[in-house]
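*Asks:* Mind having a look at this structure? Questions to follow.
The values are calculated or read from the model by the stated rules, or taken from the named source; none is laboratory data. These numbers come from a predicted model, not from an experiment. Cβ: placed from backbone, ideal geometry, glycine included. Neighbour counts: every protein chain shown. Accessible surface areas use protein heavy atoms only, side chains included; no ligands, DNA or RNA. Shrake-Rupley method; radii C 1.70, N 1.55, O 1.52, S 1.80 Å.
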Amino acid sequence: MSYKVNIPVVPPRSASSASSTSDVDEEDDNFSDWASSLGEARQTKSLFDETVLPTPEAVIQHDANIWDFNLQSTCEKLGLDMFGRIRLINLIRNAGLTKDQIEALKSSDPLFKDDNLLKPVIPDDPLLQYDPDDSWSDDEDIPPPPQPSAGPSQTLDQAKTASTSPESSKIAQLEAELEKARKDLASMRQLVSNTIGSEDEDEQTNGEASHSEVQGKGKGKAVERDDDTHYFHSYEENDIHEIMLKDTVRTVSYARFILSNPKVFKNAVVMDVGCGTGILSMLAAKAGAQHVYAIEASGLAVKARENIRKNGFEDVITVIQGKVEDIQLPVKEVDVIVSEWMGYMLLYESMLDSVLVARDRFLAPAGLMAPSQTRLVISAITGDRTWKERIAFWPSVYGFDLSTMQLPAFEEGLTEIVDKEEIVTSEAIVRDINSHTATIKSLDFHSSFTLKPTTSSETTIKAFLTHFDTFFNYVSGEQSHIPPAQDVEIVSFGDDEFERPVEPLSSNEGKDGRQISFTTGPRGKYTHWKQVVFLLRDHIILKSNQQIDGKFFCKKSPTNSRELDVEIHYRVVDSEGEGAQGEGDYSVQCYKVR
């Protein structure tokens with residue numbers, strides 16, 4: 001973390017200022033320039049609108065007059081220290097909180113201990129540096145101007161006049177402001193020390209930075225890599241939630257499972273991991289849950305509380321802001337864990353890791369995971385459209401060869417919507433995950449696959465394609481697992497289903513509940529997850545009597561645990577099993593999913 005405080009340098013006083021009019025004029029210009037710069041540095045934006053005023057004091061008064069919000073009294077009510085005050089200001093700016101949402105905050109809220117909120121939303125925000133107990137305009141902060149002694153060339157009256165001259169007053173005021181800036185710098189240094197780590201005085205006492213410091217050794221504590229901050233902040237924006245909520249395949253499938261299985265949710269204690277807007281928590285409450293604990297690590301937790309209150313579920317749903325790895329519940333265990341944790345290519349973002357931690361910490365022995373199962377599926381496609389857009393475009397752009405720009409398309413998984421007509425082989429499951437029994441370690445894996453042509457003619461294959469299928473079962477444990485032979489249900493969904501409440505499905509005759517499933521593959525309606533295309537440098541020519549044998553490797557990236565490293569090994573063999581290129585002769589291509 002870095003934080004900059006601009007400390008002005010007070011212009012030196014000229015020894016001949018009393019006798020030289022030109023020197024005084026030049027000094028006045030220096031004071032004027034410095035004061036102008038200082039004024040710009042103190043310009044402050046309102047917490048609630050786009051108004052920018054000359055000082056933080058003016059903004060505080062503006063927000064009190066226009067928005068009826070008193071920052072100081074709010075901080076006092078919540079018992080916030082300097083760091084808590086900084087967190088509150090950054091939270092308001094980042095999440096766009098209203099006065100009502102701010103008043104709903106409690107001093108025990110974990111966000112007031114979240115060091116991510118110490119990072120300024122607005123660089124050099126004067127409001128973060130403003131101390132209501134130490135205002136720049138306080139007379140006690142302005143030291144008396146130096147009293148020159150009367151001498152042969154200066155009478156006592158002249159000395160008094162000089163001591164109260166405009167130049168002396170300006171100097172005194174500027175020196176006071178400089179001292180205040182120094183105090184702010186000291187506070188910020190302490191903030192950085194508390195946030196990043198205190199210095200180790202036993203190491204490198206000569207004060208020279210070495211290469212080992214950069215690597216986290218030597219002077220100063222090592223700063224751990226942070227894969228979470230950007231991830232959680234990205235979910236504080238409205239856009240991503242609007243996209244997910246308008247994905248009717250996703251949201252309607254969850255709603256149908258929750259509302260169509262009263263034996264699962266009636267009087268159950270439910271945990272919603274990554275609650276976002278609170279939609280799944282409210283569905284669980286609507287289905288009759290005794291209580292729902294909605295866990296949200298990002299600042300969106302504030303809006304989730306407001307959504308829940310507006311819909312009348314505040315007595316049934318408790319929003320807890322924090323990582324599920326760190327939080328505590330007022331109950332020993334929960335009956336159901338529901339979470340929409342899936343990312344691109346199923347495992348991107350690694351949110352399943354947190355869901356499995358929640359399961360191991362809080363789920364009752366016979367508790368239910370929703371979804372209960374997911375499958376990562378691979379197939380081969382012509383890839384014609386993706387190739388045209390990502391590769392064929394570059395060699396001739398306004399008459400110039402820009403083919404150097406093609407390279408990233410061969411090194412990254414490309415998130416695309418692919419037409420089902422482009423699929424020219426069978427599908428193969430490369431990972432089948434049971435949410436009740438999976439481990440975090442098992443999410444790094446490799447798996448063999450075989451793809452057979454689905455057409456009788458020779459086909460050119462330019463890419464592999466992955467998608468995932470999701471299953472909800474009303475029974476828990478290993479019994480919930482649906483065998484590979486049972487296909488995902490392909491259901492039609494309307495684009496406008498978010499405009500009305502989801503209705504429960506009729507119960508299955510003789511069964512205790514309803515299974516629900518959906519696909520993100522080209523056979524179903526498109527979803528916000530789309531599919532992931534892996535373009536091949538060398539095209540595959542596949543005949544009707546041949547098949548593709550391959551190995552799929554997937555693991556978390558060593559540089560960012562929320563990204564994935566993928567390797568695809570493949571070869572073409574005769575359908576009878578005899579290698580056309582010789583046994584073990586695989587082509588290999590590596591990709592990033594990010």
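*Asks:* Examine region 304-317 for a residue that is touching a helix residue (DSSP H, G or I) at 6+ places or on another chain (Cβ under 8 Å), open to solvent by less than 20 Å² (accessible area, probe 1.4 Å), farther than 15 Å from residue 258 by Cβ and of a type in the set (Asp, Glu), and state whether such a residue exists.
*Replies:* Checked against the condition, which is being touching a helix residue (DSSP H, G or I) at 6+ places or on another chain (Cβ under 8 Å), open to solvent by less than 20 Å² (accessible area, probe 1.4 Å), farther than 15 Å from residue 258 by Cβ and of a type in the set (Asp, Glu), region 304-317 yields no hits at all.
Condition check ((1) open to solvent by 50 Å² or more (accessible area, probe 1.4 Å); (2) more than 22 Å from residue 462 (Cα to Cα); (3) in contact with a helix residue (DSSP H, G or I) (Cβ under 6 Å, 6 or more places away or on another chain); (4) not in a strand (DSSP E or B)) across all residues:
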position	(1), (2), (3), (4)
495	yes, yes, no, yes
505	yes, yes, yes, yes
514	no, yes, no, yes
525	no, yes, yes, yes
540	no, no, no, no
544	yes, no, no, yes
549	no, no, no, no
562	no, yes, yes, yes
566	no, no, no, no
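*Asks:* Out of (1) more than 30 Å from residue 354 (Cα to Cα); (2) open to solvent by less than 40 Å² (accessible area, probe 1.4 Å); (3) in a helix (DSSP H, G or I), the odd one out for residue 407 is which?
*Replies:* All conditions pass for residue 407, except number (2).
*Asks:* Could you say which residue among 127, 97, 111 is part of a loop (DSSP other than H, G, I, E, B) and in contact (Cβ under 8 Å) with a residue 24 or more places away in the chain?
*Replies:* The conditions single out 97.
*Asks:* Go over the candidates 356, 352, 347 one by one and state the one that is closer than 21 Å to residue 521 by Cβ and open to solvent by less than 10 Å² (accessible area, probe 1.4 Å).
*Replies:* On inspection, the qualifying residue turns out to be 352.
To keep it simple, each residue is scored yes or no on (1) modelled with pLDDT of 50 or more; (2) of a type in the set (Val, Ile, Thr); (3) part of a loop (DSSP other than H, G, I, E, B); (4) open to solvent by less than 20 Å² (accessible area, probe 1.4 Å).
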| residue | (1), (2), (3), (4) |
| --- | --- |
| 107 | yes, no, yes, no |
| 137 | no, no, yes, no |
| 143 | no, no, yes, no |
| 162 | no, no, no, no |
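*Asks:* Return a yes/no flag: does region 49-71 have any residue that is polar (S, T, N, Q), open to solvent by 40 Å² or more (accessible area, probe 1.4 Å), part of a helix (DSSP H, G or I) and modelled with pLDDT under 85.
*Replies:* no
*Asks:* Residue 501: in contact with a helix residue (DSSP H, G or I) (Cβ under 6 Å, 6 or more places away or on another chain) and outside any strand (DSSP E or B), yes or no?
*Replies:* Against the criterion (in contact with a helix residue (DSSP H, G or I) (Cβ under 6 Å, 6 or more places away or on another chain) and outside any strand (DSSP E or B)), residue 501 does not qualify.
*Asks:* Right, here's the next one. Would you be able to tell me the number of residues in region 272-314 that are modelled with pLDDT of 95 or more, within 22 Å of the chain's Cα centre (by Cα), outside any helix (DSSP H, G or I) and not small (Gly, Ala, Ser)?
*Replies:* 7
Each row is one residue, and each column tells you yes or no for (1) closer than 17 Å to residue 379 by Cβ; (2) assigned to a loop (DSSP other than H, G, I, E, B); (3) out of contact with any Phe, Trp or Tyr (no Cβ under 7 Å at 6 or more places or on another chain); (4) modelled with pLDDT of 95 or more.
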{"site": "483", "(1), (2), (3), (4)": "no, yes, yes, yes"}
{"site": "511", "(1), (2), (3), (4)": "no, yes, yes, no"}
{"site": "521", "(1), (2), (3), (4)": "yes, yes, yes, yes"}
{"site": "535", "(1), (2), (3), (4)": "yes, no, no, yes"}
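*Asks:* Let me ask something else. Is it true that some residue in region 229-243 is of a type in the set (Gly, Ala, Ser), surrounded by fewer than 24 Cβ atoms within 10 Å (Cβ to Cβ) and under 25 Å from residue 335 (Cβ atoms)?
*Replies:* Checked against the condition, which is being of a type in the set (Gly, Ala, Ser), surrounded by fewer than 24 Cβ atoms within 10 Å (Cβ to Cβ) and under 25 Å from residue 335 (Cβ atoms), region 229-243 yields no hits at all.
*Asks:* Let me ask something additional. If I ask for residues that are more than 34 Å from the chain's Cα centre (by Cα), in contact (Cβ under 8 Å) with a residue 40 or more places away in the chain and either under 23 Å from residue 517 (Cα atoms) or open to solvent by 20 Å² or more (accessible area, probe 1.4 Å) (or both), which ones from region 460-483 would you list?
*Replies:* 460
*Asks:* Could you say which residue among 377, 418, 430, 424 is β-branched (Val, Ile, Thr), closer than 28 Å to residue 546 by Cβ, in contact with a Gly (Cβ under 7 Å, 6 or more places away or on another chain) and open to solvent by less than 70 Å² (accessible area, probe 1.4 Å)?
*Replies:* Of 377, 418, 430, 424, the one residue that is β-branched (Val, Ile, Thr), closer than 28 Å to residue 546 by Cβ, in contact with a Gly (Cβ under 7 Å, 6 or more places away or on another chain) and open to solvent by less than 70 Å² (accessible area, probe 1.4 Å) is 377.
*Asks:* Can you tell me which residue in region 368-418 is nearest to residue 530 (Cα to Cα), limited to those that are of a type in the set (Gly, Ala, Ser) and in contact with a helix residue (DSSP H, G or I) (Cβ under 8 Å, 6 or more places away or on another chain)?
*Replies:* Going through the qualifying residues, I end up with 383.
Condition check ((1) open to solvent by 50 Å² or more (accessible area, probe 1.4 Å); (2) of a type outside the set (A, V, I, L, M, F, W, C); (3) over 15 Å from residue 56 (Cβ atoms)) across all residues:
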{"site": "83", "(1), (2), (3)": "no, no, yes"}
{"site": "87", "(1), (2), (3)": "no, yes, yes"}
{"site": "92", "(1), (2), (3)": "no, no, no"}
{"site": "110", "(1), (2), (3)": "yes, yes, yes"}
{"site": "118", "(1), (2), (3)": "no, no, yes"}
{"site": "121", "(1), (2), (3)": "yes, no, no"}
{"site": "130", "(1), (2), (3)": "no, yes, no"}
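*Asks:* Continuing with the same structure: Checking the condition within 21 Å of residue 447 (Cα to Cα) and either surrounded by 16 or more Cβ atoms within 10 Å (Cβ to Cβ) or of a type in the set (Lys, Arg) (or both), which residue from 554, 590 passes?
*Replies:* Selected residue: 554, the only one of 554, 590 that is within 21 Å of residue 447 (Cα to Cα) and either surrounded by 16 or more Cβ atoms within 10 Å (Cβ to Cβ) or of a type in the set (Lys, Arg) (or both).
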